[in-house]
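Report on the following structure.
Readers should treat all values here as calculations from the given coordinates under stated rules, not as data from a laboratory. Model, not experiment: these values are computed from the prediction. Here Cβ is always computed from backbone atoms with ideal geometry, including for glycine, and neighbour counts include all displayed protein chains.
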Amino acid sequence: MLDLMSGPLTRFIQERSDDIVRRWVEKVSAHPSTATFTRVDMAAVERDAREVLREFERWLSSQASRTDIGRWYARQGRSFFAMGVPLCEVYRAKILLKNILQKFAEQETVQFESAVQINMLREFQQRLDFFFEQAFYYLIRGYSEAMNEKMKELWNLSDADTDRIFFGRSFRAPDGI
């Protein structure tokens with residue numbers, strides 16, 4: 001039943017992805033809390049946003065597992081660290097993308113007339129929240145891993161040194177991602 005209800009919203013994301021990404025790029029470029037994004041390759045950032053939407057679609061349609069999403073977002077966290085984008089700005093940019101995606105879905109469902117259609121929106125919002133909660137966790141983990149490695153490289157620190165900063169390598173969870 002969940003897949004049946006998610007199908008129309010997955011198609012909606014596919015059909016509207018250009019508009020969603022365009023609006024997100026405009027927001028990220030203009031928002032004061034994401035100022036660093038104006039100094040990075042916006043084409044790469046735009047590709048990243050499209051990939052986030054694809055990963056969400058894959059997860060929504062049960063084509064991607066939590067582990068798949070975790071690996072992808074951990075790599076993404078490392079990538080943003082390498083680009084020199086502060087973690088707080090990465091987080092804010094992702095929140096902006098989530099909010100835009102949610103607003104697009106709400107606007108699309110304004111014309112919903114039945115309880116089933118309203119339920120689809122509720123389900124979509126719950127799944128969107130869960131997806132981004134998982135994404136944020138792994139994104140921050142990947143960013144922290146990259147930061148840990150860079151600190152060791154720059155200042156010749158040991159695992160014990162960085163364990164004091166990262167609380168025993170707290171970003172390394174037992175799930176192997």
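Over the chain, calculate the relative contact order: mean separation of alpha carbon pairs under 8 Å at least 6 apart, over the residue count, as a percent.
Relative contact order here is 29 percent.
Fewest to most neighbouring Cβ within 10 Å: what's the order for MET120, MET42?
Numbers: MET120 21, MET42 13.
Exposure proxy ranking, most exposed first: MET42, MET120.
Taking the number of other C-beta atoms within 10 Å as the exposure measure, put GLU57, GLU153 in order starting with the fewest.
Numbers: GLU57 19, GLU153 9.
In order of increasing Cβ crowding within 10 Å: GLU153, GLU57.
What ranking, highest mean first, results for peptides 139-146, 16-23 when packing means the other Cβ atoms within 10 Å averaged over each residue?
Numbers: 139-146: 21.2, 16-23: 16.1.
Ranked by mean Cβ neighbours within 10 Å, highest first: 139-146, 16-23.
May I ask you to evaluate 6.51 cos²θ - 1.76 cosθ + 1.60, the Karplus curve with θ = phi - 60°, for each residue of the stretch 31-42 and list the ³J(HN,Hα) values in order in whole Hz, giving x for glycine and proline?
Values per residue, Gly and Pro as x: 6, x, 7, 10, 4, 4, 4, 6, 9, 10, 5, 5 Hz.
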